[in-house]
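**Q** Could you have a look at this structure, given as structure tokens, before my questions?
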Amino acid sequence: MHEWALAEAITVTIEYEARKRGSRTIELVEVVVGELQSIDREVFEFALKELIASLRERGIDVRKVDIEFEEAKFKCFRCGYQWNLSEVGISEHEREAIHFIPDVAKVYIRCPKCGSHDFEIVAGRGVYIKRLEFG
Amino acid sequence: MFIDPRLYAIKRRLAVFRLIVPIVSPKGGVGKSVIAAALSLSLALKGVRVGLLDLDITNPCSHLLLGIDVETTKPIEDRGIRPVKLGSTELEFMSIAFYSGNKTLPLRGTDIDNAIKEVLSITQWSASLLIIDTPPGFSDEVLDIISLAPNPRPIIVTTPSVLSIETVKRSLEVLSNEGVKPLGLIVNLSHSVDLCLQISQVLSLELLACIPWLTNLEKAVGKPLALKDLLEPYMTKAIETILRIVER
Ligand SMILES: Nc1ncnc2c1ncn2[C@@H]1O[C@H](COP(=O)(O)OP(=O)(O)O)[C@@H](O)[C@H]1O
Ligand SMILES: [Mg+2]
Ligand SMILES: [Zn+2]
């Protein structure tokens, strides 16, 4: 049910930004969801739809929502190597922990080239809003 | 454009608290974690709905003091994360250790900042008082909580050592510049109450507790009730001060 928490964070943000601007219509919201959150896409879309419907009841109309899923990319601070999640194996238990707090990936993942835990999560970490177009 | 929805979620999640008390000190090893755990438990057993958050992201240890096995105990997922309840008490507890296991987190500053925002934005507290154990110094953990929490009231912990007191002086300036008003001072590992009072006068902070060296403390690690019983007699002022605010 973490999907609901993420979806709620998105709608709280939309509401706040809309009220700040005194705007009641949002033409487009672009949401980016990082692979490390490993959320259930259907559940997330459903949650977002429900929460946006309840926003409408509170007078804020969101016309279109685009959800983009972003692949995780890592870059080693020590040797500069870049890789993605499929190149390293993680267990179900580890995926679960990373899903709550993506940064704990640094405990479970190591650079495939040099073995270091000191790397950067270049992409696909969390959830953010990339675009918000007001009507 | 990059809007971080966590910041809005955090605002909402932290709005449930009447009082947020980060336990801070510029120096490590002065007793922050011990004090945070014992104080939380004392207040919880007095009927306050207390949440304890371990924000020492790279080196969490509150769970060790409370005797919580992070491998077998996990927070429940429910539109976010419900903190773990400690035994029969109403104390709610949250730590990154539930997700990193007992392993060291090799994190850099931006990761720490991210991890804190993640924890704060997904945790669903039902408490009215939040006590936060922080790492030493004024790095991301402390700065984040100071800027994200509405009206945080830190408790400053020091030992009678000159080095500790001098560094507290400097950090009080930082807090004051951020508009943060400390709740008061706890002097730990002090053999005399007079000394504690002197220190609190030098720092112009209200003395909330003066704790001596406690020989049996090591034995109480992992036994929360024993830990609480050891420290509580010295913390009555701290407890009363917090009770007065949360029960108002
Ligand atoms: N009053 C005390 N008497 C005896 N030992 C103490 C006392 N306060 C703290 N300690 C011990 O000192 C060490 C550091 O305490 P801790 O709470 O981890 O400090 P911090 O969180 O400020 O780094 C621990 O081993 C703890 O058991
Ligand atoms: Mg500590
Ligand atoms: Zn490498």
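The values are calculated or read from the model by the stated rules, or taken from the named source; none is laboratory data. The model shown is predicted, which means the values in this text are computed figures rather than measured ones. Cβ placement follows ideal geometry from the backbone for every residue including glycine, while neighbour counts extend to all protein chains displayed. Heads up: the accessible areas ignore ligands, DNA and RNA and are worked out on the full protein's heavy atoms, side chains in. Shrake-Rupley method; radii C 1.70, N 1.55, O 1.52, S 1.80 Å.
**Q** Could you check how many percent of all C-alpha pairs in the protein assembly as shown are farther apart than 37 Å?
**A** 26
**Q** Next question. Given H placed on each backbone N at 1.01 Å, which residues far from residue B:67 in sequence or on other chains put an amide H within less than 5 Å of it?
**A** B:222
**Q** Exactly which trypsin sites (Lys or Arg not before Pro) in the range A:4-34 are in a DSSP loop and have at most 15 other Cβ atoms within 10 Å?
**A** Here the sparse-neighbourhood loop sites are A:24.
**Q** Which ³J(HN,Hα) values in Hz, rounded to whole numbers, follow from the phi angles of the range B:199-212 under the Karplus curve 6.51 cos²θ - 1.76 cosθ + 1.60, where θ = phi - 60° and Gly and Pro get x?
**A** Each residue's phi maps through the Karplus curve to give 4, 5, 6, 4, 8, 6, 10, 6, 7, 9, 6, 10, 10, x Hz.
**Q** Determine the percent antiparallel among the DSSP beta bridges restricted to chain B, to the nearest 5.
**A** Values: 4 of 29 bridges.
Restricted to chain B, the bridges split so that about 15 percent are antiparallel.
**Q** Another question about this same structure. Compute accessible area for the range B:1-48 by itself and then with all protein chains, 1.4 Å probe, and report residues whose area falls by 50 Å² or more.
**A** Residues losing area: B:1, B:3, B:5, B:8, B:12.
**Q** For the range B:6-247, what are Rg and Dmax over the alpha carbons, in angstrom?
**A** Looking at the range B:6-247, its Cα Rg and Dmax stand at 16.6, 50 Å.
**Q** Mind checking which of B:188, B:216, B:151 has the largest fluctuation in a GNM of chain B, springs on alpha carbons under 10 Å?
**A** Ranking B:188, B:216, B:151 by mean-square fluctuation puts B:216 first.
**Q** Separate question: What figure in square angstrom, to the nearest 10, would you give for the accessible area of residue B:139 with a 1.4 Å probe?
**A** 50
**Q** If you check each cysteine of chain B for another cysteine whose beta-carbon is under 4.7 Å away, which ones come up empty?
**A** Taking the Cβ cut-off of 4.7 Å, the unpaired cysteines of chain B are B:61.
**Q** Right, here's the next one. Per residue of A:115-122, what is the mean number of Cβ atoms on other protein chains within 10 angstrom of that residue's Cβ? Before the final figure, lay out each step's value.
**A** Working: counts 0, 1, 5, 3, 2, 3, 3, 0.
For this peptide, the per-residue mean of nearby foreign Cβ atoms is 2.
**Q** A further question on this structure: Tell me the net charge near residue B:133. Cut-off is 10 Å between Cβ atoms, residue B:133 excluded, with +1 for each Lys or Arg and -1 for each Asp or Glu. The partial results should precede the final answer.
**A** Values: positive: B:32; negative: B:54, B:56, B:141.
Result for the neighbourhood of residue B:133: -2.
**Q** Before we go on, tell me the buried accessible area for the B/A pair, both chains summed, 1.4 Å probe, in Å² to the nearest 100.
**A** Details: alone 11790 and 7820 Å², together 16590 Å².
Interface between B and A: roughly 3000 Å².
**Q** Loop only per DSSP, at most 16 neighbouring Cβ atoms within 10 Å: give me the chymotrypsin sites (Phe, Trp or Tyr not before Pro) in the range A:35-102, ordered by residue number. Don't skip to the answer; put the middle values down first.
**A** Numbers: sites: A:44, A:46, A:69, A:74, A:77, A:81, A:83, A:100; in loops: A:77, A:81.
Taking the range A:35-102 and a limit of 16 other Cβ atoms within 10 Å, the loop chymotrypsin sites (Phe, Trp or Tyr not before Pro) found are A:77, A:81.
**Q** So what is the relative contact order of chain B, in percent, for Cα pairs below 8 Å that sit 6 or more residues apart? Could you put the intermediate results ahead of the total?
**A** Details: 468 pairs, mean separation 70.6, N = 248.
RCO, chain B: 28 percent.
**Q** Let me ask something additional. With all protein chains present and a 1.4 Å probe, how do B:173, A:15 order by accessible area, largest first? List each step's numbers first, then the result.
**A** On the way: B:173 125, A:15 25 Å².
Descending order: B:173, A:15.
**Q** Gap in Å between the Cα centre of the range B:110-157 and the Cα centre of the range B:65-88?
**A** 18
**Q** Against the longest alpha carbon principal axis of chain A, how many degrees, from 0 to 90 and to the nearest 10, is the axis of helix A:2-21 turned?
**A** 50
**Q** Further question: If one takes the longest principal axis of the Cα atoms in chain B, at what angle in degrees, from 0 to 90 and to the nearest 10, does the Cα axis of helix B:236-246 lie?
**A** 40
**Q** Sticking with this one: Not counting ligands, DNA or RNA, and with a 1.4 Å probe, what is residue A:16's accessible surface area in Å² rounded to the nearest 10?
**A** Ignoring ligands and nucleic acids, residue A:16 comes out at about 100 Å².
**Q** Ok, one more. Please list, by residue number, every one of the GluC sites (Glu not before Pro) in the range B:1-105 that is coil in DSSP and has at most 13 other beta-carbon atoms within 10 Å.
**A** Working: sites: B:71, B:77, B:90, B:92; in loops: B:71, B:90.
Listed in order of number, the matching sites are B:71.
**Q** Between residue A:77 and residue B:12, take the C-beta separation as r, use R0 = 45 Å, and let me know the FRET efficiency to the nearest 0.05.
**A** Numbers: r = 35 Å, r/R0 = 0.77.
Given R0 = 45 Å and the Cβ-Cβ separation, E is 0.85.
**Q** Related question: Rounded to the nearest 500, what is chain A's calculated 222 nm mean residue ellipticity when only DSSP H runs of at least 4 contribute -39500 (n - 2.57) each, over all residues?
**A** -11500 deg cm²/dmol
**Q** With each run of n ≥ 4 DSSP H residues scored as -39500 (n - 2.57), what mean residue ellipticity at 222 nm is computed for chain B after dividing by its residue count and rounding to the nearest 500 deg cm²/dmol?
**A** Values: 11 runs with 105 residues, N = 248.
Mean residue ellipticity, 222 nm, calculated: -12000 deg cm²/dmol.
**Q** Need one value: the accessible area of residue B:141 in square angstrom, 1.4 angstrom probe, rounded to the nearest 10.
**A** 10
**Q** Write down the accessible area per residue of the range A:73-123 in Å², having rolled a 1.4 Å probe over the full set of protein chains. If you can, show how the numbers build up before the last one.
**A** Working: 2430 Å² over 51 residues.
On a per-residue basis, 48 Å².
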